[in-house]
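The next block holds one structure in the form of structure tokens; read it before the comments.
Every number in this text was worked out from the coordinates using simple rules, so none of it is lab data. None of the values given here were measured: they were computed from a predicted structure. No Cβ is skipped: glycine too gets one built from the backbone with ideal geometry, and neighbour counts run over all protein chains shown.
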Amino acid sequence: MAIPTQKPKLKTSFKKARTIGPLYTGGPLAITPDGLKLATCVAEEIVLTNTATGVELNRFAGDTESITSLCVTASAKYLIAFTGSLSLRIYDIQSLEPSKKKIQPTRTIARAHEAPVHVCTTDPTSTLLASGSADGVVKVWDIAHGYVTHVFKGHGGVVSALSFNYPQNPGSVSQAGPIRLVTASVDSRIRIFNLTNGASTSAGGGKPEAVLDGHVSVPRGLDVSPDGKWLVSGGRDSVVMLWDLQPMTDSANKLSKKPKSKSTAPPPQLVKTIPVLERVESVGFLFQDPGSCGTTDGLQFYLGGQKGRISVRNASDEAEAYSFGDKVAQAQTEEQEEQRQILDVLYVPEAQTIISVHADQNITLYSLETHAVSKQLIGYNDEIVDATFIRSHSSPSSSTSTDLLALATNSSLIRIYSPESLDGRLLEGHSDIVLALASSADGVYLASGSKDKSARIWAPNTETSDTSSWSYSPIAVCEGHAESIGAIAMSRTKPEPGSKNPLRFMFTGSQDRTIKMWDLSAVSQETFTAGQELRCKSLTTQKAHEKDINSLDVSPNDKLLASGSQDRTAKIYAIDYTPTSGGVKGELRHLGTLKGHKRGVWSVRFCRTNRVIATGSGDKTVKIWSLDDYSCLKTFEGHTNSVLRVDFFNAGMQLITTASDGLVKVWSIHEEECKATLDNHEDKIWALAVSSDDRTIVSGGADSMVTFWEDCTQKTEVEKESQRAALVLKDQEFQNYVSLGDYKRAILLALSLRQPGRLLSLFRTVVSTRSESDSNESESGVKLLDQIIKSLDGTDVVKLLTYVRDWNTQAKTSAIAQTILYAIVKLRSAESVVQSFKDSNVEKRIEAADPDEDPESSKPVTNGETALKEMVEALIPYSERHMSRMDRLLQESYVVDYILGEMDNGMFDADFSDDEDDGMEVDDVQ
């Protein structure tokens with residue numbers, strides 16, 4: 001007996017569930033001491049992001065100039081930024097709640113420096129801020145009050161690094177000791193200033209307490225050990241220097257006991273010069289054993305720079321203890337090497353995390369406990385050209401898997417995201433921009449095609465069971481095309497459970513106008529050896545089109561291949577794949593050509609349930625073709641620009657399309673109409689992916705934005721049904737009120753239902769109940785109308801005035817409008833009406849607020865007083881017109897009365913007298 005299956009319903013409603021936008025576009029970064037909030041620069045604004053979830057928490061308003069320096073106080077109370085306009089902006093972030101509204105600064109100093117500020121830092125007590133500018137001036141600020149405490153000049157150029165020397169270990173140095181500031185500039189010298197006493201104070205002329213010579217290039221990193229006795233410096237001269245501050249510290253302690261002594265402190269001593277064979281951009285102390293204070297035993301420092309990895313070294317023996325990240329491959333180009341180098345390193349002791357910031361705008365978080373990647377935040381995706389869903393096993397011993405999103409952007413690196421946490425990974429392997437992606441039938445393997453004329457197969461690493469350190473590795477490479485590969489498709493047949501050969505074949509389409517079929521039967525995770533990619537064999541090469549091949553797709557049964565090209569055609573091929581004793585044999589046979597498009601075909605896609613295929617073209621149309629006779633069955637028109645991606649979903653009943661107009665459209669194939677239009681992009685949408693359960697649609701475009709659309713059709717239908725049921729109940733309630741003559745409640749209900757037609761009819765009925773006694777007992781002349789107006793709350797008064805404004809524009813309804821308006825003016829005070837508009841305006845703001853939309857980008861709602869002013873200005877001219885009309889009618893009525901009076905008293909009498917005179921004359925004649 002056949003099991004009845006329920007026909008799937010059309011999906012007509014989608015909500016924007018999540019977006020992946022630019023997180024970091026370059027510039028300085030800062031992180032809170034707990035490691036949970038990361039402040040980054042996106043264009044001219046600062047974005048605060050939750051590092052655990054990757055969700056944007058707040059966005060801080062800028063001054064239309066780029067951010068040049070950024071820091072967070074140790075107390076996590078203030079976020080401090082310097083901009084290109086030379087202004088200092090301080091934001092209070094201590095009690096900040098997540099919001100879509102842009103945060104304004106609590107303090108702004110218009111011209112903090114005379115030149116751009118490139119470095120700034122705060123002391124451990126969150127009291128002082130030090131900033132160094134490009135003109136060699138260092139200023140120390142009181143953060144709470146916003147004034148300058150010290151000004152240090154004399155640096156030989158741009159100030160490149162700053163660090164406070166404020167000992168935090170009470171067991172080694174008294175907290176009452178002097179506070180020092182260590183600076184470095186492009187003159188390669190390091191200067192130490194005493195902020196508490198000595199020549200560095202304002203009274204002493206701001207001279208440095210010590211000047212350290214040793215570097216031959218600009219020092220980019222400075223840090224002082226927690227006990228205040230060691231200074232480490234690293235620069236672009238590829239060396240790290242360790243300085244002993246002990247003599248200065250001991251002298252300061254002696255001077256504090258003998259304040260009248262005039263002896264000067266001895267300068268710090270250079271202890272070690274450590275060659276690191278790379279340009280250093282950041283350096284700092286990582287760990288210090290409390291029992292080894294005063295010695296280098298147990299003291300470690302980190303450095304990051306040209307090689308793109310963080311190296312941790314022991315200060316005692318100069319040996320590398322361990323490192324974070326992989327070295328930049330020597331085979332890569334100079335441009336790729338520059339993109340992967342480290343620009344800054346952030347150390348978060350409280351969270352046991354160290355963060356590397358790379359030149360390609362990617363941020364990697366490492367755990368100091370596991371020495372592995374804990375999370376990777378991808379700052380900027382540039383133009384997104386393709387996307388696909390893949391599945392990654394959480395561990396080698398577990399069969400559970402999660403959906404991941406792979407993106408091809410305007411880069412040689414493939415991005416892979418975990419949609420839940422936005423944790424990303426960068427896959428290195430291609431040497432040029434990746435143009436196309438495809439996933440295997442089971443979703444485990446990923447295929448990519450690039451401008452480097454090669455295609456690669458990627459598989460998840462199963463060497464570790466740590467879910468936080470997941471990654472992918474290239475296991476096979478396909479080389480043989482003469483031009484870049486712009487289309488790729490893999491076999492759609494799922495492998496048998498436990499099969500040693502999970503893959504069968506793959507097709508690649510190139511700008512050389514050929515399609516190649518590749519044998520993947522020997523490719524698997526088990527046969528992969530680290531660092532050794534399997535070179536796949538080409539089974540056949542087919543000269544397919546006259547122009548570039550844009551898209552490929554394999555039918556669900558692996559029997560057919562479709563190709564779309566710029567030559568305005570799509571072609572269908574039969575796939576002959578035969579395993580033999582010596583290997584496999586593969587061929588392509590041309591079956592038919594789909595002609596009908598007027599521009600190039602950008603996308604082809606087989607339906608998984610019917611023998612049809614869909615094509616999207618630059619002529620703004622989508623066509624569905626029969627695979628039996630290759631005729632065009634349907635044509636969908638609706639996009640205003642080239643259709644770039646097409647896909648079937650919902651059991652083949654619906655179609656999804658994306659286009660250059662920045663819109664995603666969902667179509668009903670049977671009804672041949674658009675059921676939903678999804679808009680969240682500002683440029684061409686090149687990427688489209690549908691999840692395996694058809695519940696999530698992902699679109700990515702040239703605007704660097706990725707949008708997750710979730711199906712909410714069922715929820716929307718339930719809400720509409722509940723609203724419909726509530727409306728029926730209220731309608732029945734309204735009818736009951738009218739039948740009982742309870743006009744007061746009926747009017748209140750009509751106002752809540754927003755039904756102006758019924759409302760007008762009710763007020764006509766109410767006004768018609770006017771009696772002679774009402775004129776003396778009521779303000780408006782209708783006692784029932786007075787009771788209704790008095791019972792209305794503020795929001796209802798605003799609604800009623802809105803309808804009165806509309807009724808007042810027509811002569812036949814103006815009488816009712818003027819009667820209601822007169823009653824409101826008589827019975828409601830001006831203050832109450834103004835307050836009603838203010839309260840109603842607040843409700844409008846709440847109703848109009850979209851949680852996924854930036855309020856700054858939407859049109860602002862007018863305030864209550866402005867709305868009342870607009871209402872009055874709309875009522876006055878029509879009221880004056882009605883008044884003039886009534887005056888004319890009154891004047892004309894006097895004329896009519898006069899005429900009628902004359903007709904009664906004058907004209908008729910005159911006629912009668914004439915008759916009498918005529919009669920008398922006759923008699924006289926006789």
Practice task
Using the structure shown, select from 375/451; 139/229; 783/812; 375/571 the pairs with a Cα to Cα distance greater than 32 angstrom.
Solution key: 375/571
Practice task
May I ask for the net charge around residue 454, where only other residues with Cβ less than 12 Å from the Cβ of residue 454 are counted and Lys, Arg are +1 while Asp, Glu are -1?
Solution key: 0
Completion exercise
Fewest to most Cβ atoms within 10 Å: 415, 885 sort as 885, 415
Handout entry: Length gained when the stretch residue 879-residue 769 is fully extended (0.36 nm per residue, less Cα-Cα span)
Key = 37.2 nm
Practice task
Would you calculate the separation in nanometres between label points at residue 85 and residue 677, each defined as 7 Å from the Cα along the Cα-to-beta-carbon direction?
Solution key: 3.8
Completion exercise
Listed with the fewest Cβ neighbours within 10 Å leading, 491, 879 appear as 879, 491
Problem - Label-point gap, in nm, between residue 723 and residue 694 - each point 7 angstrom along Cα→Cβ - result: 2.6
Fill in the blank from the handout: With 0.36 nm assigned to each residue of separation and the Cα-Cα distance removed, residue 754 to residue 809 gains 17.9 nm
Problem - Gain on full stretching of the segment that runs from residue 832 to residue 869 - 0.36 nm per residue minus C-alpha separation - result: 11.9 nm
Completion exercise
residue 742 and residue 640 label points (each 7 Å along its Cα→Cβ direction) are spaced in nm at 5.1
Fill in the blank from the handout: To the nearest 0.05, the calculated FRET efficiency linking residue 428 and residue 64 through their beta-carbon distance, R0 being 60 Å, is 0.95
Practice task
Determine, for 656, 93, 390, the number of other Cβ atoms within 10 Å of each Cβ, and report the residues in order from fewest to most.
Solution key: 93, 390, 656
Problem - Under 5 Å, built H, 5+ apart or other chain: amide partners of residue 270 - result: 244
Exercise for the section: Can you figure out the FRET efficiency of residue 537 with residue 609, using R₀ = 25 Å and their beta-carbon distance, to the nearest 0.05? Expected result: 0.15
